[in-house]
Amino acid sequence: MPKTVTSPIQKKLAAMLVELRKDAGLRQVDLAEKLGVYQSWVTHMESGQRRIDVVELIELGRAIGFDPAEVVRKLSKR
């Protein structure tokens, strides 16, 4: 099993989060402000340099406006 940061599922998750953020009309800096983190944190997450844990996925869902459970369902089907 590959390390989680480089796994195909992690890469798909990062791509999905970029799409969800853009669909919500948010820039990286906007999302960072909502989360109370630096924009570089968002950049690292979206580029796959940072692993996303369950708590972060829930917080991202609140900030962007998506259902984290639905994202997990889609990832498990791919």
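Side notes on the structure shown:
- As a length-normalised measure over Cα pairs under 8 Å and 6 or more apart, the relative contact order of the chain settles at 34 percent.
- Counted over the chain with a bin width of 10 Å, the fraction of Cα pairs per bin, in whole percents, is 19, 58, 21, 2.
- Accessible-area composition of the chain, carbon plus sulfur, in percent [1.4 Å probe]: 55
- Solvent-accessible surface of the chain, averaged per residue with a 1.4 angstrom probe and all protein chains in place: 67 square angstrom.
- Lysine pair count for the chain [Cα-Cα under 19 Å; pairs on different chains or 8 or more apart]: 10
The values are calculated or read from the model by the stated rules, or taken from the named source; none is laboratory data. These figures come from a predicted structure and were not determined experimentally. Heavy atoms of the whole protein, side chains included, go into the accessibility calculation; ligands, DNA and RNA do not. Shrake-Rupley method; radii C 1.70, N 1.55, O 1.52, S 1.80 Å.
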